Amino acid sequence: MQIAMTIKGLMVDPVTNMPIIILRDEAGGRVLPIWVGIFEANAIALQIENISTPRPMTHDLLRNVIQDLNASVQKIVVCDLQENTFYALIYLALDGGTVANNNLGDYKLPSIKDIPQLKTVLVKTTGGVGPLDSKPIGEFANNGPPAAIANAIADAVGVRVFDLPVKAENVYQALKERGLINHKERKIHKR
């Protein structure tokens, strides 16, 4: 029996300190907590809050592929739980039919023979950011937690710290510069 559920919200498990997505049925009588990783929770929170990122994230790629196929998501069914991992089927409506498969063995995985011949082209430029004017190659990691921590500190104490890692000394210095600390009494004034 399938029960339609929607995302009620995100929370943090106080014991494991891991994010949890809370799904709730339409009547509100049943809930399903699903523990997720920090990066997954961050992506879900960004989507819920309708916050755009400077570059597409993995779920954006999947959404774009579904849209380019002229398909739509009919439903997502949580169908299994193995070793504390939930498995789900994504049902797509495509050309009047339905596609659903959770068996990766049915998909062709590319091998070295499938990769086209690559040609290396060196472009001469100047002014790299690294040692000896070197430049980075590849993609930078999308590291959301430091920004979230800095935002939380700014919301809590009223000053923004831009240097990473965020240290108590940096927060204290920023509070002192803004005149929010009384040096004689050593009290922090509320905003």
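Whenever a residue of the range 11-24 is closer than 11 Å to A41 by Cα, its partners that are of a type in the set (F, W, Y) and modelled with pLDDT of 85 or more, lying with C-beta atoms within less than 9 angstrom and at least six residues away or across chains, give the pairs M18/W35; P19/W35; I20/W35; I21/W35.
Out of V166, V171, one residue alone is β-branched (V, I, T), modelled with pLDDT of 65 or more and outside any helix (DSSP H, G or I). It is V166. For the range 121-139, the criterion of a residue being over 30 Å from G37 (Cα atoms) and modelled with pLDDT of 75 or more is satisfied by at least one position.
Residues checked against (1) of a type in the set (D, E, K, R); (2) under 17 Å from F86 (Cβ atoms); (3) not in a loop (DSSP other than H, G, I, E, B):
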position: I3; (1), (2), (3): no, yes, no
position: M11; (1), (2), (3): no, yes, yes
position: L23; (1), (2), (3): no, yes, yes
position: P33; (1), (2), (3): no, yes, yes
position: F39; (1), (2), (3): no, yes, yes
position: A43; (1), (2), (3): no, yes, yes
position: Q47; (1), (2), (3): no, no, yes
position: P54; (1), (2), (3): no, no, no
position: D60; (1), (2), (3): yes, no, yes
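Across the range 84-93, the qualifying residues are those that are of a type outside the set (F, W, Y) and assigned to a strand (DSSP E or B), and the one among them that is modelled with the lowest pLDDT is T85.
Scanning the range 62-83 for residues that are loosely packed, with under 12 Cβ neighbours inside 10 Å and assigned to a helix (DSSP H, G or I) yields a count of 4.
Whenever a residue of the range 97-124 is within 26 Å of Q74 (Cα to Cα), its partners that are at pLDDT 70 or above and aromatic (F, W, Y), lying with C-beta atoms within less than 9 angstrom and at least six residues away or across chains, give the pairs T98/Y91; V99/Y91; A100/Y91; N102/Y87.
The values are calculated or read from the model by the stated rules, or taken from the named source; none is laboratory data. As the structure is a computational prediction, the values presented were derived from the model and not from experiment. When we count neighbours, we look across all protein chains shown, and the Cβ atoms used for this are built from the backbone with ideal geometry, even at glycine.
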